[in-house]
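J.: Take this structure first; my questions come after.
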Amino acid sequence: MTQYLGMDIGGTEIKYGLINHDGEISETQRKKTPMDSLDHFIEAIGDIYDAFADEIEGMAISMPGIIHSKTGYAVHGGTLEYIKNMNMVELLESRCPTTIHIENDGKAAALGELWKGHFQEIQNGVILVLGTGIGGGILINGQVLKGTHHSAGEFSFIKTNVDKSDDQDYMFGFQNGLRKLFKTVSKRKDIPLEEIDGHLVFQLAEEGDPVILECLNAYCRTLAVQIFNFQTILDPEKILISGGISKAPLLIELIKKNVAEVFQEKNTELFYAPIIEKSKNGNRANIIGALYNYKLNEGLSF
């Protein structure tokens, strides 16, 4: 069966693996994302390609930033600050001589759920990808919304404080990014920041640590307030939660609890609350969605 090299490029690591025509992924591997220069980034992608070059028909890539998915032009690369106003497909194809298509990570996650997940049976939905920032995808009338300038779903940039609108610390991606959660835990528990990750946070939470539970509840509270805002604007049937930490059942439980509380506040009780679910494909949704985008662009059958 035809195989492709799927990549999910994030601000911390690159997840990659073979994916077949039907969207079935073999075991994925991980490589640290170079953060220092474009040259090192392209070479890292090239090294991965070299290991699979004889096995694949092309590369399907998900990455952060405002991406023109038809052309591969990147207005910016999100946390990859060395990517700005350049055609990433052309740059990567010069190093990796194969067909390449690239989609924004949040939209790829939505496409993955539309093709093989919890968006299959609905018309309107939102997916939130919780990570270094907040990735997102919007499903409207059964189609993933790209927007006039390909920037629909760039939830990280939502401003959350009118008095400090020019302070990036008050953007949604910083308020609900994992760095903020980990910094809070580090300060409250006096644990070095470099020792904190999602696994440790939820391990302590499952053990009943009251400080950790308080930090997680506060994190989910701010998330629930933005979920209410999404509901007033888009009125989705479902909001899916994705990203590495979404594997923790406690996270979904706390999000549901806080969403229920927010929707019972004065005036907010006028709105229907969306269904909150963990994404079906988890952290594989981006690679599955990247292949969906590849097949759309190439006119391949599903």
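J.: At what distance in nm do the modelled label points of residue 190 and residue 21 sit from each other, each positioned 7 Å from its Cα along Cα→Cβ?
T.: The two pseudo-label positions are separated by 6.2 nm.
J.: Just list whichever of 116/238; 187/257; 32/189; 107/159; 70/107 have alpha carbons separated by over 18 Å in the model shown. Display every interim value, and only then the final one.
T.: Values: 116/238 16 Å; 187/257 25 Å; 32/189 28 Å; 107/159 21 Å; 70/107 13 Å.
In this structure, 187/257; 32/189; 107/159 exceed 18 Å between Cα atoms.
J.: Follow-up question, since we're still on this one. Between residue 54 and residue 32, take the C-beta separation as r, use R0 = 25 Å, and let me know the FRET efficiency to the nearest 0.05.
T.: Details: r = 25 Å, r/R0 = 0.99.
That pair, residue 54 with residue 32, gives E of 0.50.
J.: At 4 °C and 1.567 mPa s, grab the translational diffusion coefficient of the chain from Stokes-Einstein with a Kirkwood Rh over Cα pairs, rounded to a whole number in µm² per second. Before the final figure, lay out the partial values.
T.: Values: Rh = 19.7 Å.
Value of D from the Cα-based Kirkwood radius: 66 µm²/s.
J.: While we're here: Could you tell me the center-to-center distance, by alpha carbons, between region 121-161 and region 26-71 in angstrom?
T.: Answer, in whole Å: 23.
J.: Continuing with the same structure: Are there any chymotrypsin sites (Phe, Trp or Tyr not before Pro) in region 47-142 that are in a DSSP loop and have at most 16 other Cβ atoms within 10 Å? List them by number. Kindly include the intermediate steps, with their values, before the conclusion.
T.: Working: sites: 49, 52, 73, 82, 115, 119; in loops: 82, 119.
Counting only loop positions with at most 16 other Cβ atoms within 10 Å, the chymotrypsin sites (Phe, Trp or Tyr not before Pro) in region 47-142 are 82.
J.: Moving on to the next point. Could you work out the local net charge near residue 104, counting Lys and Arg as +1, Asp and Glu as -1, over the other residues with Cβ closer than 10 Å to its Cβ? Please report the intermediate quantities before stating the final value.
T.: Values: positive: 107, 146; negative: 103, 105, 154.
Once positives and negatives cancel, what remains is -1.
J.: Mind checking the full-extension length gain between residue 235 and residue 302? Use 0.36 nm per residue of separation minus the Cα-Cα distance, one decimal, nm. Mind showing how you got there, number by number?
T.: On the way: separation 67, 0.36 × 67 = 24.12 nm, distance 2.91 nm.
So the extension gain works out to 21.2 nm.
J.: Just to be sure I understand: with springs between alpha-carbon atoms less than 10 Å apart, which residue in 122, 66, 102 has the highest mean-square fluctuation in the Gaussian network model of the chain?
T.: Highest fluctuation of the listed residues: 122.
J.: Moving on to the next point. Can you figure out the FRET efficiency of residue 257 with residue 70, using R₀ = 45 Å and their beta-carbon distance, to the nearest 0.05?
T.: Values: r = 41 Å, r/R0 = 0.91.
E(calc), rounded to 0.05, equals 0.65.
J.: Another question, if that's okay. Using the Cα centre of the chain as origin and beta-carbon charges of +1 (Lys, Arg) and -1 (Asp, Glu), tell me which of 233, 12, 177 is placed farthest towards the positive end of the dipole.
T.: 233
J.: Which angle from 0 to 90°, rounded to the nearest 10, does the C-alpha axis of helix 249-262 make with the longest principal axis of the chain?
T.: 50
J.: Right, another one. Packing-wise, with mean Cβ within 10 Å as the measure, how do 256-263, 165-172, 282-289 rank, highest first?
T.: On the way: 256-263: 17.6, 165-172: 13.6, 282-289: 27.4.
Taking the mean over residues of other Cβ atoms within 10 Å, the ranking is 282-289, 256-263, 165-172.
J.: Further question on the same structure: To make sure I understand the rule: partners must be aspartates and glutamates, Cα under 19 Å from the Cα of residue 256, and not fewer than 8 residues away in the same chain. Which ones qualify?
T.: Correct list for residue 256: 206, 214, 235, 237, 265, 269, 277.
J.: Test of understanding: in a Gaussian network model of the chain with alpha carbons linked when under 10 Å, which of 93, 27, 277 would top the mean-square fluctuation ranking?
T.: Highest fluctuation of the listed residues: 27.
J.: To continue, here is another question. Rounded, prolate or oblate, given the Cα gyration tensor of region 39-88, with a/c below 1.5 counting as rounded? Working shown, then result.
T.: Working: a/c = 2.75, a/b = 1.60, b/c = 1.72.
Oblate, because a/c is 1.5 or more while a/b does not exceed b/c.
J.: Moving to a separate point now. Tell me the carbon and sulfur percent of the accessible area for the chain, rounded to whole percent, probe radius 1.4 Å. Working shown, then result.
T.: Details: 6920 of 14150 Å².
Carbon and sulfur: 49 percent of the exposed surface of the chain.
J.: To continue, here is another question. Leaving out ligands and nucleic acids, and using a 1.4 Å probe, what accessible area per residue does the chain come to in Å²?
T.: On the way: 14150 Å² over 302 residues.
Normalised by residue count, the accessible surface of the chain is 47 Å².
J.: First measure r as the distance between the Cβ atoms of residue 2 and residue 197, then evaluate 1/(1 + (r/R0)^6) with R0 = 30 Å and state the FRET efficiency to the nearest 0.05. Let's see the in-between values first.
T.: Values: r = 36 Å, r/R0 = 1.21.
Calculated transfer efficiency: 0.25.
The values are calculated or read from the model by the stated rules, or taken from the named source; none is laboratory data. Everything numeric in this text was worked out from a predicted model, so none of it was measured. Don't worry about glycine lacking a Cβ; one is built from the backbone with ideal geometry, like all the others, and counts go over all protein chains shown. The area values use the complete protein model at the heavy-atom level, side chains included, leaving out ligands, DNA and RNA. Shrake-Rupley method; radii C 1.70, N 1.55, O 1.52, S 1.80 Å.
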